[in-house]
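Please read the structure below before turning to the comments.
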Amino acid sequence: NQGARNNIGYSMDELCEMTPLDIEPEYTEETFKQMLRPLLSGTRNAIRLKMQHRRRDGSRYKTAAHLQPMRFQDVTVVVAIILDITEQEAAREKLLASVAEKEVLLKEIHHRVKNNMQIIQSLLNLQTGKTDNTLLKTALQDAIQRIKSMALIHETLYQSDDLALLDLDIYFQSIITYLATIYRTPDTRVEIRTDIQPLKLDIDRSISCGLILNELVSNAFKYAFQHTDQGRISIKFKARQNGTAQLMVSDNGCGLPAETKPEGSLGLDLVTMLARDQLEGELTVSRGANLGFTIEFPLSNED
C-alpha cells in the first residue's frame with residue numbers, strides 16, 4: 001500500500017521486481033526458506049515474528065509480521081501482514097529503562113531504611129547501657145528486637161529481584177538466625193526445628209508475620225526453658241488448600257499457666273493485635289506439654 005511504499009522508499013514497479021531478501025537484511029536465502037518451510041508444508045498455519053526492514057536509503061526500522069499460508073490458483077503462497085512498530089518498540093524500551101531505574105532507586109531506598117533502622121538500634125543499645133532499671137532495659141531490648149525484625153525485611157527486599165512480594169522463607173530464616181544468636185548461650189541447648197514452605201507475601205503482611213514470629217520465638221527462649229538447659233522450639237508455616245496461610249510456633253517448655261491469658265503482656269498483646277487487625281486472621285493457643293500458638297489468615301488481600 002501507499003503507506004508502506006512511502007516508508008520503505010521504493011515505488012510499486014521497483015518492489016514488484018524485488019524479493020523479500022532485498023528489504024530483510026537479517027535473512028539469507030536459506031534461512032528465509034527455512035522460516036517459510038513449516039507454512040508451505042502445512043505443519044503450521046501461521047507465524048508471528050519481529051524483524052527489521054531496510055529502506056532504500058539503507059536505514060532500518062522494526063516491524064512485526066504475521067505470515068499465513070493461502071491457496072491461490074492451486075498454488076500455496078504466503079501472505080504477510082507487516083506493521084511498522086518502530087515507535088512502539090522505542091516507547092517499550094524507554095518504559096523498560098524507566099522501570100529498571102525505579103527498581104534500582106527502590107532497592108536503594110530499602111537499603112537506606114535498613115541502615116536508618118540500624119542507627120535507631122544502636123541508639124537504643126546506648127540508652128540500654130546507661131540505665132540500671134531492669135524493666136526499662138528489658139523494654140528497650142524488646143524494642144531493639146522488633147526494630148531488627150522490621151529492618152530484616154528491607155534487607156531481604158534489597159537482595160530480592162521482586163520488590164512487591166517477599167520470600168517469607170528467607171525472611172523467617174533471617175529472623176530465626178538473629179534470635180538464636182541473641183538467646184543461645186554455651187550453657188543452653190535449645191533446638192529450633194523449622195518447616196517453612198516457600199511462599200511470597202506482600203510487604204505489609206510480611207512485616208506483621210515477622211513481628212509475630214519475633215514475639216513468639218523470643219518469648220519461648222525467655223520463658224519456656226527457665227528450669228532446664230535444653231528444649232525445642234518448632235516453627236511451621238504453610239499454605240492451606242482453603243486459601244489461608246498458617247503460622248505455628250510451639251515449644252516443649254514449662255507451658256503457660258492455666259490462669260494466664262494470651263493478653264496481658266505487650267508482646268502477646270502485639271501478637272493478638274497483629275493477627276486480628278493486620279492479617280485479619282485468628283489466633284489459637286494450645287496449652288499443655290507443648291505450648292503452641294497458631295495464626296491462620298487469608299492469603300488473598302481483598303483490599
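Things worth noting here:
- Considering (1) of a type in the set (A, V, I, L, M, F, W, C); (2) open to solvent by 50 Å² or more (accessible area, probe 1.4 Å); (3) more than 30 Å from SER149 (Cα to Cα), the lone condition that VAL104 does not fulfil carries the number (3).
- Residues that are in contact with a Phe, Trp or Tyr (Cβ under 8 Å, 6 or more places away or on another chain) and in contact (Cβ under 8 Å) with a residue 60 or more places away in the chain within region 62-103 comprise just one, ASP84.
- Just one of the numbered conditions (1) open to solvent by less than 80 Å² (accessible area, probe 1.4 Å); (2) over 30 Å from GLN2 (Cα atoms); (3) free of Cβ contacts under 8 Å to residues at least 12 places away in the same chain is not true of SER59: (2).
- Just so you know, in region 23-53 the residues that are touching a residue at least 24 places away in the same chain (Cβ under 8 Å) and more than 42 Å from the chain's Cα centre (by Cα) include one that is surrounded by the most Cβ atoms within 10 Å (Cβ to Cβ), and it is ILE23.
- Among the residues of region 270-297, those that are closer than 21 Å to CYS254 by Cβ and surrounded by fewer than 17 Cβ atoms within 10 Å (Cβ to Cβ) comprise THR284, VAL285, SER286, ARG287, GLY288, ALA289, ASN290.
- Of the numbered criteria (1) within 30 Å of ALA151 (Cα to Cα); (2) among the small types (Gly, Ala, Ser); (3) modelled with pLDDT of 90 or more, the one ALA64 fails is (1).
- Among (1) open to solvent by 50 Å² or more (accessible area, probe 1.4 Å); (2) over 20 Å from TYR183 (Cβ atoms) - the single one GLY129 does not satisfy: (2)
- Filtered residues of region 152-169 (kept if under 18 Å from LEU105 (Cα atoms), in contact (Cβ under 8 Å) with a residue 12 or more places away in the chain and out of contact with any Ser or Thr (no Cβ under 8 Å at 6 or more places or on another chain)): HIS154, LEU157, TYR158, ASP162, LEU163, ALA164, LEU165
- Residue ID - farthest from SER149 (Cα to Cα), chosen from residues in region 212-252 that are under 29 Å from the mean Cα position of the chain (by Cα), open to solvent by 60 Å² or more (accessible area, probe 1.4 Å) and touching a residue at least 12 places away in the same chain (Cβ under 8 Å): ARG240
The values are calculated or read from the model by the stated rules, or taken from the named source; none is laboratory data. Just so we're clear, the structure is a prediction, and the values are computed from it rather than from any experiment. When we count neighbours, we look across all protein chains shown, and the Cβ atoms used for this are built from the backbone with ideal geometry, even at glycine. For accessibility, only protein heavy atoms count, side chains too; no ligands or nucleic acids. Shrake-Rupley method; radii C 1.70, N 1.55, O 1.52, S 1.80 Å.
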